[in-house]
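The values are calculated or read from the model by the stated rules, or taken from the named source; none is laboratory data. Predicted model only: the values in this text are computed from it and were never measured. No Cβ is skipped: glycine too gets one built from the backbone with ideal geometry, and neighbour counts run over all protein chains shown.
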Amino acid sequence: MRSRSLGFYMDSNVISLLVICIVMISVTGCTTQSGGPAGTSTTPAPLTQTPPLTTVSPVPVAECTHYTDCVPAECCHPSSCVKESDRPSCTGIYCTMVCSGPLDCGAGSCGCVNGKCRVVPRSSARYAPSVRTGITILALPEKYSPVMSSIPGVGLELIAEGFPPEHATFTWKATYGQFLSWNSPDFKVNQLGDTTSNHGEKLYWSFIDRPSSTATPVTITVTATDTASGLVLGSSLVTLTWEDDNTVRVNK
């Protein structure tokens, strides 16, 4: 009787252990979370596309905006033009008295073409279209003396603005000295006196006698009138100061 009770007791313990194990396994299985349903994939976020690089070409810098920004590139018989800041130093340089190259003896002049200093051929005065009319005198060289054998005098070239120079008459006057012509086809120096007229061709100014006083500057004036109507189109002047009784300098 006792052995049966013991056996039943042991069976009860085994059964109790089995029940406890089953309960623990069930609890563990319920609390274990799966990593996610099978076959589920994650779509990556789209990549941000970088726009292609744009190459920016540098904007060319204009070396001039007006014809007065350009000057001859060489002192003697120049064949090209440069900007004013690159003007060559011509002090003490003397040139031969011949016409050679595209700028000598009124064959051409320096101008601003598409932002570049270029030689501009001309038949008379240069014509620069403008909303107004006017004229400007370009006087070179800056310093002159009759002992200089390279040129007959101070070269006087006209810039006409707003009108074609061949349709105008230009009247020149000098308070001292005389005007000279030295142009094609013969390039012969001709004396014109202290008053003369032309249609824009290049002139020269010089003197023979020394002035009675170097305190009074020389004033050169030019007036342009329309040949057909007589309307005054503009006027300009340039003054020459005496460095001594044999040398003048062009005033800026």
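Some points to look at:
- Residue in the range 123-134 that is in a helix (DSSP H, G or I) and either at pLDDT 85 or above or at negative phi (or both) present: no
- Residue check: Pro152 meets all listed conditions (1) of a type outside the set (Val, Ile, Thr); (2) surrounded by fewer than 19 Cβ atoms within 10 Å (Cβ to Cβ); (3) within 22 Å of Cys90 (Cβ to Cβ) but one, namely (2).
- Some residue of the range 224-242 being more than 25 Å from Thr133 (Cα to Cα) and surrounded by fewer than 20 Cβ atoms within 10 Å (Cβ to Cβ): yes
- Among the residues of the range 217-248, those that are under 17 Å from Tyr176 (Cα atoms) and in contact with a Phe, Trp or Tyr (Cβ under 8 Å, 6 or more places away or on another chain) comprise Pro217, Val218, Ile220, Thr221, Val222, Leu240, Thr247, Val248.
- Restricting the search to strands (runs of 3 or more DSSP E) fully inside the range 143-238 and requiring at least 3 residues that are closer than 18 Å to Asp104 by Cβ gives 154-161, 203-206.
- Here the condition is being modelled with pLDDT under 90, out of contact with any His (no Cβ under 9 Å at 6 or more places or on another chain) and not in a loop (DSSP other than H, G, I, E, B); of Cys90, Cys105, it holds for Cys105 alone.
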